[in-house]
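Have a look at the structure below before the remarks.
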Amino acid sequence: MDRIASFQVDHTKIGIGMYISRIDGDIITYDVRMAKPNAGHYLEYAAIHTIEHLFATYARNTEFSDNIVYVGPMGCRTGFYFLTRGLSHENAIKIVHDSFEFIASYNGEIPGVSEAECGNYREHDLDGAKKSVLPFLNATQNYTVEMLNYDWHIK
């Protein structure tokens, strides 16, 4: 079998940031990396679950809701995939950054957390989610489109 694109990225050379992972026609997959790969610190499952609910809810309630295809966690527990259609890179960066600022300051009931709405409604950690987004927010202040390229960070 062919190696998929995400396994062809040298994970020893990338860190916290947002990257263009792949482009498939009009769908762009962004790698929203919240923890440095293989560095020994990974996102906790309950925090990931809460980030997923808040990130997806926030992003799908922006003016660009029709451009959001998918928000979901990486199995390696270092970040999220963010898939868009017909959205500029500038707006993708803004949505992710605004979503994470929203999470960092969120106080309230987590959306979609009931037995009827979620397959694992008991496993959430709002405090953990809030702490988990901070390194990304710090690392991506003044992020630009040029910085979305993996190679830009490896220089």
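The values are calculated or read from the model by the stated rules, or taken from the named source; none is laboratory data. Everything numeric here is computed off the predicted structure, so don't read it as measured data. We place every Cβ from the backbone using ideal geometry, glycine too, and count neighbours over all the protein chains shown.
Cβ separations smaller than 7 Å between residues 6+ apart or across chains give the following pairs from segment 52-64 residues that are under 14 Å from residue 133 (Cβ atoms) and at pLDDT 95 or above to residues that are in a helix (DSSP H, G or I) and among the polar types (S, T, N, Q): 55/99; 58/99; 59/99. When restricted to residues that are modelled with pLDDT of 95 or more, assigned to a helix (DSSP H, G or I) and closer than 26 Å to residue 88 by Cα, segment 1-47 contains 0.
Going by what's in this entry, would residue 2 be described as more than 21 Å from residue 149 (Cα to Cα) and out of contact with any helix residue (DSSP H, G or I) (no Cβ under 9 Å at 6 or more places or on another chain)? Taking the combined requirement at face value, the residue satisfies it. One residue is enough: does segment 99-119 have a residue meeting the conditions crowded, with 20+ Cβ neighbours inside 10 Å, modelled with pLDDT of 95 or more and of a type in the set (Gly, Ala, Ser)? Scanning segment 99-119, I find at least one residue that is crowded, with 20+ Cβ neighbours inside 10 Å, modelled with pLDDT of 95 or more and of a type in the set (Gly, Ala, Ser), so the answer is yes.
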